[in-house]
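The values are calculated or read from the model by the stated rules, or taken from the named source; none is laboratory data. Every value quoted in this text rests on a predicted model; they were computed, and no experiment measured them. Here Cβ is always computed from backbone atoms with ideal geometry, including for glycine, and neighbour counts include all displayed protein chains.
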């Protein structure tokens, strides 16, 4: 049974609670999110068709709940568990804590998401996917993904890392994180891109 720390809306600790209760009652809790990127692409996962929540939708490269006895640094285990790759916490680029709220009938997900980027050099053969969680890894050009997150375009090309097949996908094909979440991510990606641009 997964036990999570719960908080009020101002991020003050309240107590520990069962994950099912947390989602049924809409209690604030903590999660760990890591998006893999390289110089050109951002990498996303397609959730397993057998997942209870949001099956077959695209999502963060690796993510999960922080349990009551874990620190944010312990969230790094999600990358190993879901993708089968080893990453050091000190190598992550911190974006910050983003409020991530998803409301559905009988399901209320109120997250304080600790969001990170990782500059990846991994190839598809390096991944060992957790099949109960992840159906595949895909990539999108960062500039296209930024425009999608900011609502400037409706669709992007998404490329399977397994066979390089291309698909057209939109925000509707992702787990329904709020626009504020996608905007915060896009702004950070833009800042990193500008920082790398050679000055004339």
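The figures follow:
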| read-out | value |
| --- | --- |
| Qualifying positions in region 65-119 - within 14 Å of the chain's Cα centre (by Cα) and in a loop (DSSP other than H, G, I, E, B) | 66, 92 |
| Of the criteria (1) in contact (Cβ under 8 Å) with a residue 24 or more places away in the chain; (2) assigned to a loop (DSSP other than H, G, I, E, B); (3) surrounded by 15 or more Cβ atoms within 10 Å (Cβ to Cβ), which one residue 49 fails | (3) |
| Sole residue being in a loop (DSSP other than H, G, I, E, B) and either more than 16 Å from the chain's Cα centre (by Cα) or within 22 Å of residue 6 (Cα to Cα) (or both), chosen from 122, 54 | 122 |
| Candidates 159, 171, 102 - the one that is touching a helix residue (DSSP H, G or I) at 6+ places or on another chain (Cβ under 8 Å) and surrounded by 14 or more Cβ atoms within 10 Å (Cβ to Cβ) | 171 |
| Matching residues in region 109-128 - criterion: being surrounded by 13 or more Cβ atoms within 10 Å (Cβ to Cβ) and modelled with pLDDT under 95 | 120, 122, 124, 127 |
| Positions within region 62-79 being touching a helix residue (DSSP H, G or I) at 6+ places or on another chain (Cβ under 7 Å) and either free of Cβ contacts under 8 Å to residues at least 12 places away in the same chain or surrounded by 17 or more Cβ atoms within 10 Å (Cβ to Cβ) (or both), in sequence order | 62, 63, 64, 65, 66, 76 |
| Output for region 13-30, where each listed residue is closer than 29 Å to residue 189 by Cα and either touching a helix residue (DSSP H, G or I) at 6+ places or on another chain (Cβ under 8 Å) or part of a loop (DSSP other than H, G, I, E, B) (or both) | 29, 30 |
